[in-house]
Amino acid sequence: MKDIKEVLKERILVLDGAMGTMLQRHKFTEEDFRGERFKNWSVPLQGNNDLLSLTQPEAIREVHKLYFEAGADIVETNTFSGTTIAMADYEMEELVYELNYESAKIAKEVADEFTKKDPSKPRFVAGSIGPTNKTASMSPDVNNPGFRAITFDELKIAYREQVEALIDGGADILLVETVFDTLNAKAALFAIEEVKDERNITIPIMVSGTITDASGRTLSGQTAEAFLISVAHIPMLTVGFNCALGASQLIPHLEILSQKASIGVSAHPNAGLPNAFGEYDETPEQMAEQIKEYLDKKIVNIIGGCCGTTPEHIKAIAQLASQYVPRTVEIAEE
């Protein structure tokens, strides 16, 4: 199979869309989340989407299949909350390795099926590594600004377990995404580098931050350029932004990354901004029209969708992206 670094130089790659949006269509009940295995679990499990890789694996498989059929080159594993830190909410810390391993395995099996059908368009799996629900650089207590809910080392240990399981399950890429606190991301990146060194392996890394408001900063206060500088010491395949904003709002921040970074730039924005009910109204056509500006300006190498996006959105984006040449990149040597 072709190396993703080579493919990235040849064309714009398409990442999948939202997993949660697709799973919501099933209207899974508490019983569906539990399945037979977790029937008597002591805390509610509804909402733990990562768990569905164990209790509803066919639904997860189907989502990956639909995104590949829509034209995606890369799908993300169903592991956004796959750390002991996030799984503590469900008292499922012991299941973290299995959740990540099985999620990667499901995605890899589907990817391999599609690659076999058309070897000229290899399909890849990105191990999704979310930010956790804790922040290392800010206090959750307004009365005690020096307090931290988590340490760098605790984050690193948690991320390490996730990284090992994603690699063992077959992930081709590791995607540290939705970064709102760069210190959390650095713990994840540190864990990845440790595992790479110990196993004497290389694996491409994508890092994707999230701009949380109109000021153009991450939650921990960094501008796009500061975010880039903070992670630039790590050999990466791409750096980019996802979530929080719609496609058009991300343009100025992606332009900065495109100007300053010699590596690939990725973007997977939301389908616009949420409405009063927290839903996303932007149609595939509306979103593709905004993405066209990314492509005209040559500011991205990988493009996909985040909250509210569906295979229909990805199909519209993939058709558009196929008409453009990619931004020139220098891939960092690992």
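Scanning segment 289-327 for residues that are over 20 Å from the mean Cα position of the chain (by Cα) and under 17 Å from LEU245 (Cα atoms) returns GLU289, GLN290, LYS292, GLU293. Within the option set THR178, THR202, being surrounded by fewer than 17 Cβ atoms within 10 Å (Cβ to Cβ), β-branched (Val, Ile, Thr) and at pLDDT 90 or above holds for one residue only, THR202. Scanning segment 104-129 for residues that are polar (S, T, N, Q) and crowded, with 21+ Cβ neighbours inside 10 Å returns a single hit, SER128. Is segment 130-153 home to any residue that is of a type outside the set (S, T, N, Q), surrounded by 17 or more Cβ atoms within 10 Å (Cβ to Cβ) and not in a loop (DSSP other than H, G, I, E, B)? Looking through segment 130-153, none of the residues is of a type outside the set (S, T, N, Q), surrounded by 17 or more Cβ atoms within 10 Å (Cβ to Cβ) and not in a loop (DSSP other than H, G, I, E, B). Hey, among the residues in segment 7-23 that are closer than 14 Å to ILE173 by Cα and part of a helix (DSSP H, G or I), which one's nearest to the chain's Cα centre (by Cα)? That would be LEU8.
Out of curiosity, is ALA86 among the aliphatic types (A, V, I, L, M), buried (at least 21 other Cβ atoms within 10 Å of the Cβ) and touching a residue at least 60 places away in the same chain (Cβ under 8 Å)? Quick ask: steps written out before the conclusion?
Values: among the aliphatic types (A, V, I, L, M): yes; buried (at least 21 other Cβ atoms within 10 Å of the Cβ): yes; touching a residue at least 60 places away in the same chain (Cβ under 8 Å): no.
Here the answer is no, as ALA86 does not meet what is asked.
VAL163 meets each of the listed conditions (1) touching a residue at least 60 places away in the same chain (Cβ under 8 Å); (2) in a helix (DSSP H, G or I); (3) surrounded by 15 or more Cβ atoms within 10 Å (Cβ to Cβ) apart from (1).
Restricting segment 33-67 to residues that are of a type in the set (D, E, K, R) and either closer than 19 Å to GLY130 by Cα or assigned to a loop (DSSP other than H, G, I, E, B) (or both), which is nearest to the chain's Cα centre (by Cα)? Step through it out loud before you land on a result.
First, the residues of segment 33-67 that are of a type in the set (D, E, K, R): 34, 36-37, 39, 50, 58, 61-62, 65.
Checking the rest, the ones that are also either closer than 19 Å to GLY130 by Cα or assigned to a loop (DSSP other than H, G, I, E, B) (or both) come to 36-37, 39, 50.
Details: GLU36: 29, ARG37: 28, LYS39: 30, ASP50: 13 Å.
Residue satisfying both the conditions and the ranking: ASP50.
The values are calculated or read from the model by the stated rules, or taken from the named source; none is laboratory data. Everything numeric here is computed off the predicted structure, so don't read it as measured data. So basically every Cβ, Gly included, is an ideal-geometry build from the backbone, and we count neighbours across all protein chains shown.
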